[in-house]
1. Inspect all residues belonging to region 527-545 and state whether any of them is out of contact with any strand residue (DSSP E or B) (no Cβ under 6 Å at 6 or more places or on another chain), at pLDDT below 95 and crowded, with 17+ Cβ neighbours inside 10 Å.
2. So, of the residues in region 170-203 that are assigned to a helix (DSSP H, G or I) and in contact with a strand residue (DSSP E or B) (Cβ under 6 Å, 6 or more places away or on another chain), which turns out to be surrounded by the fewest Cβ atoms within 10 Å (Cβ to Cβ)?
3. Of everything in region 311-325, what is in contact (Cβ under 8 Å) with a residue 40 or more places away in the chain and crowded, with 17+ Cβ neighbours inside 10 Å? Give them in sequence order.
4. List pairs: first in region 71-89 and at positive phi, second buried (at least 24 other Cβ atoms within 10 Å of the Cβ) and small (Gly, Ala, Ser), Cβ under 8 Å, 6+ apart or cross-chain?
5. Please go through region 450-476 and pick out each residue that is polar (S, T, N, Q), buried (at least 24 other Cβ atoms within 10 Å of the Cβ) and modelled with pLDDT of 95 or more.
6. Please work out which residue is modelled with the lowest pLDDT, limiting yourself to region 60-117 and to residues that are outside any loop (DSSP other than H, G, I, E, B) and basic (Lys, Arg).
7. Residue check: is Thr128 under 20 Å from the mean Cα position of the chain (by Cα), under 25 Å from Met598 (Cβ atoms) and not aliphatic (A, V, I, L, M)?
Amino acid sequence: MVELQVTNSPFNQEQVELLNRLIPTLTDGQRLWLGGYIAAYQAGVATAQTGLIGQVGQNPVAAPVSAPAVSREVTVLYGSQTGNSIGLSKKLGKKLEEQGLQVTLSSMGDFKPNGLKKIENLLIVVSTHGEGEPPDNAIPFHEFLNSKRAPKLDGLRYSVLALGDTSYEFFCQTGKDFDKRLQELGGTALVPRVDCDVDFDEPAATWMNDVLASLSSTVATAGAVTSEAITAAVSGEESEYNRTNPFKAEVLENLNLNGRGSDRETRHIELSLEGSNLDYEPGDSLGVFPENHPRLVDELIAAMGWNADEQVTVNKNGDQVSVYEALLRHYEITAVTKPVAEQLAKLSSGNELTALLANDSEFRNVMNSSDLLDVVQDYALKGIPAAQFLAVLRKIPARLYSIASSSKSFPDEVHLTVRTVRYEARGRQRYGVCSVHLAERIEAGDTLPVYIQHNPNFKLPENPDTPIIMVGPGTGVAPFRSFLGEREETGAEGKTWLFYGDQHFSTDFLYQTEWQRWLKDGVLTKMDVAFSRDTEQKVYVQHRMLEHSKELYQWLQDGASVYICGDEKKMAHDVHAALITILQQEGGLSSEQAVEYMTRLQQEKRYQRDVY
């Protein structure tokens with residue numbers, strides 16, 4: 001930065017010396033705030049001078065009425081299922097406070113919507129869950145905004161950061177819903193909504209930069225806060241390791257939990273976190289960056305006629321690796337999203353892929369059963385240079401797994417429970433990217449790039465005497481191993497009840513000896529199991545819940561918290577329906593009253609879900 005001098009600035013010597021001592025000591029946020037303050041001060045001086053001129057008759061125009069001061073209070077609301085929106089909201093709140101703004105940071109589930117009309121500046125960070133649905137903690141606020149009770153918001157300035165995944169049909173739908181509804185109610189956008197794919201760091205940083213500029217009196221000054229500075233703030237954690245800088249964790253153990261003869265393979269993986277300074281609580285998840293299957297990489301290179309050793313650039317830093325390495329570790333080559341397909345269509349000479357893209361439902365149907373190799377072969381994409389082709393692909397996203405251990409039970413370790421996915425389609429073997437990587441190509445002594453994904457939406461009750469009901473079929477039981485390990489170590493007295501299910505008792509009873517030990521020691525009060533293939537009629541966890549409806553209802557009445565983990569599309573819905581039935585059957589509630597009861601449980605954080 002050029003030092004100020006009398007010759008290159010409008011300041012006298014004393015002012016130059018003061019500024020040269022002050023400016024280098026300021027943070028980005030302080031410089032931004034100061035720029036806005038000076039602009040506001042200058043505007044105030046101009047207004048005062050204009051008024052004075054009108055008073056003394058030098059100008060016959062009456063003194064203007066001062067515009068109302070822009071509020072420096074900002075409310076940041078987040079809706080999050082897995083924790084990404086929470087992390088971004090906290091970093092945003094910190095940046096806003098550094099600029100002297102008064103920040104209210106809240107989960108949508110904790111926010112009282114009747115206070116919405118008093119807010120002047122609202123920033124929303126929200127993910128989309130499942131097929132276009134709001135995350136659990138955003139449901140009440142989402143419903144309120146779309147109800148007749150929603151107020152007019154003519155004085156509101158707002159902006160929305162939407163998180164999603166372009167491989168889903170209703171990409172960022174919840175963020176779009178909020179943006180549309182706030183506009184309908186009279187709100188004015190501070191900056192346009194930004195929709196983020198799974199690699200959200202850069203677009204989130206850009207949105208933050210724009211929001212900071214819009215809230216500042218001087219946009220030009222706001223621009224001085226660089227995207228790099230904000231990206232650092234977004235990514236910063238207490239540990240130096242995070243999503244953008246994962247820790248290479250050594251694998252301590254990799255075991256198959258299923259017995260001989262099982263149709264399933266479930267890996268129990270133990271990783272060392274020693275030296276990482278990474279910490280987690282029960283209910284958190286571990287992000288794992290996987291590698292694609294080498295066979296699929298080889299077949300894709302052969303189909304495109306590329307040289308596997310050709311060097312290509314893989315990031316904005318200009319780092320170069322071979323085509324093989326890029327496809328193995330850097331790019332997603334299984335799921336093909338619409339944005340990727342659109343870019344590939346532009347690079348190819350054929351019109352068939354363009355025609356498919358014109359029919360959204362047909363495109364979704366085709367891509368649900370296709371990977372990148374299928375697309376290359378079906379739509380004759382051979383001939384596109386490797387560098388151009390790879391430049392339009394998505395970065396390979398991390399896979400999130402519910403942590404299956406308590407750090408109090410296993411210091412400096414983290415455990416995972418991962419079901420291996422393999423199937424055949426169109427005459428070719430298909431693989432779950434991360435699960436098969438872990439099952440086939442990772443051994444004790446190897447390392448995996450990992451980070452901790454904190455999830456405040458799936459946490460044990462603060463009061464250790466609170467009873468808990470846990471429903472976790474299959475690998476959904478993983479966090480409950482963490483819950484019980486934690487309760488054992490802390491000596492919690494609250495009752496515990498686990499509903500667990502899988503296919504066969506003899507081969508698929510994951511962690512059976514641990515549950516039995518906890519039952520014997522009293523850490524686990526009750527356990528009910530459902531092995532669906534051991535009986536003529538399939539029995540699932542929701543059936544066991546209904547069988548014990550009277551006792552389960554009494555636990556709820558006694559203040560129990562309910563936790564659901566596992567498949568969102570079917571299991572979670574069936575379990576929710578079973579709870580509604582139990583409330584109606586045992587509590588004598590109408591269907592509407594039962595739904596209200598469940599909503600109240602959710603608002604009280606007594607009904608939490610970790611579903612996928």
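1. no
2. First pass over region 170-203, keeping only residues assigned to a helix (DSSP H, G or I): 173-184, 201-203.
From what's left, in contact with a strand residue (DSSP E or B) (Cβ under 6 Å, 6 or more places away or on another chain): 174-175, 178-179, 182, 203.
Details: Thr174: 25, Gly175: 26, Phe178: 27, Asp179: 22, Leu182: 24, Pro203: 16.
Per the stated criteria, the residue is Pro203.
3. Let us first name the residues in region 311-325 that are in contact (Cβ under 8 Å) with a residue 40 or more places away in the chain, namely 312-314, 323.
If the condition is that a residue be in contact (Cβ under 8 Å) with a residue 40 or more places away in the chain and crowded, with 17+ Cβ neighbours inside 10 Å, then Val312, Val314, Val323 are the ones that fit.
4. The qualifying pairs are Gly83/Ser285.
5. Taking region 450-476 as the starting set, the residues that turn out to be polar (S, T, N, Q) are 453, 455, 457, 463, 466, 475.
Next, from what is left, pick out any that are buried (at least 24 other Cβ atoms within 10 Å of the Cβ): 455, 475.
Listed by number, the list holds a single entry, Thr475.
6. Step one: of region 60-117, the residues outside any loop (DSSP other than H, G, I, E, B) are 73-79, 84-98, 102-107, 113-117.
Still in the running and basic (Lys, Arg): 90-91, 94-95, 117.
Values: Lys90: 92, Lys91: 92, Lys94: 92, Lys95: 91, Lys117: 88.
So the residue we want is Lys117.
7. Details: under 20 Å from the mean Cα position of the chain (by Cα): yes; under 25 Å from Met598 (Cβ atoms): yes; not aliphatic (A, V, I, L, M): yes.
So Thr128 passes the test.
Residue by residue, here is whether (1) among the charged types (D, E, K, R); (2) surrounded by 14 or more Cβ atoms within 10 Å (Cβ to Cβ); (3) without any contact (Cβ under 8 Å) to a residue 12 or more places away in the chain holds:
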{"residue": "Phe389", "(1), (2), (3)": "no, yes, no"}
{"residue": "Lys395", "(1), (2), (3)": "yes, yes, no"}
{"residue": "His415", "(1), (2), (3)": "no, yes, no"}
{"residue": "Arg422", "(1), (2), (3)": "yes, no, no"}
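The values are calculated or read from the model by the stated rules, or taken from the named source; none is laboratory data. Nothing here was measured: the structure is a model prediction, and the numbers come from that model. Cβ sites come from the backbone with ideal geometry, for glycine too, and all protein chains shown count toward neighbours.
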